[in-house]
1. Need the failing condition index for Lys129 against (1) open to solvent by less than 50 Å² (accessible area, probe 1.4 Å); (2) out of contact with any strand residue (DSSP E or B) (no Cβ under 8 Å at 6 or more places or on another chain), just the number.
2. Across region 104-124, what is the total count of residues that are in a loop (DSSP other than H, G, I, E, B) and under 14 Å from His134 (Cα atoms)?
3. Inspect all residues belonging to region 2-17 and state whether any of them is under 30 Å from Pro135 (Cα atoms), in contact with a strand residue (DSSP E or B) (Cβ under 6 Å, 6 or more places away or on another chain) and not small (Gly, Ala, Ser).
4. Would a scan of region 82-91 turn up a residue that is closer than 17 Å to Leu153 by Cβ and within 19 Å of the chain's Cα centre (by Cα)?
5. Would you mention how many residues in region 109-142 are under 16 Å from Leu3 (Cβ atoms) and over 18 Å from the mean Cα position of the chain (by Cα)?
6. If you go through region 150-167 one residue at a time, do you hit one that is modelled with pLDDT of 95 or more, among the charged types (D, E, K, R) and not in a loop (DSSP other than H, G, I, E, B)?
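The values are calculated or read from the model by the stated rules, or taken from the named source; none is laboratory data. On a predicted model such as this, the values are computed, not experimentally measured, just so you know. Cβ coordinates were reconstructed from backbone atoms using ideal geometry, including for glycine residues, and neighbour counts include every protein chain displayed. We work out accessible area using only protein heavy atoms, side chains counted, and drop any ligands, DNA or RNA first. Shrake-Rupley method; radii C 1.70, N 1.55, O 1.52, S 1.80 Å.
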Amino acid sequence: LMLVLSIYFHDMGLVVTEAEFENRSKSAFDEFCENSLFSGVQGDDYRAKVNTMEEDKRERFLYQEFVRTHHATRVKAWIAGGSCLQLGDSAAQIDLVKDLLAPLSSEFRHDLALVCESHNLDDIDDTKKYRQNHPYGNTDAEEVNLQYVSAMLRTIDLIQITKRRAPSTL
């Protein structure tokens, strides 16, 4: 169950509603553009290239970069039941995820959030975080090896290459 749900949910942080996009100024979007996209050696060139786009297309493109960079942290917050306005005004997404995962225990949701976020992190060797025999019940059949599930999710994510998969500018 942990593996299947992590496969379905790990990229859900990429979902953006129109309301979220309209409220992007309430997030860390502008700071991200200045400090990540437009900084460094090629920042000025990147800004010049992006500024050739129509304003609406440019804003949508840049917000996609913001969301793509933070999508794993976004979905972690949503699954765990919290919000992080810095990463976007995503109340609708939070409510949807809360409803979908309501039958699961808070402990299971917490661990699912960790596993989903893990696909963008470099900490799979942390066995305190990704426990190898985490119990959710009283039998061996109710244990999950979170490190193994995280490794499987990363592998699945890496080999999921389709025409729709677009690389980030970062």
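1. With (1) open to solvent by less than 50 Å² (accessible area, probe 1.4 Å); (2) out of contact with any strand residue (DSSP E or B) (no Cβ under 8 Å at 6 or more places or on another chain) applied to Lys129, the lone miss is (1).
2. Taking region 104-124 first, the residues in a loop (DSSP other than H, G, I, E, B) are 104-105, 119-124.
Now restrict to residues that are under 14 Å from His134 (Cα atoms): 105.
Looking only at that region, the number is 1.
3. There is at least one residue in region 2-17 that is under 30 Å from Pro135 (Cα atoms), in contact with a strand residue (DSSP E or B) (Cβ under 6 Å, 6 or more places away or on another chain) and not small (Gly, Ala, Ser).
4. Scanning region 82-91, I find no residue that is closer than 17 Å to Leu153 by Cβ and within 19 Å of the chain's Cα centre (by Cα), so the answer is no.
5. 7
6. No: region 150-167 contains no residue that is modelled with pLDDT of 95 or more, among the charged types (D, E, K, R) and not in a loop (DSSP other than H, G, I, E, B).
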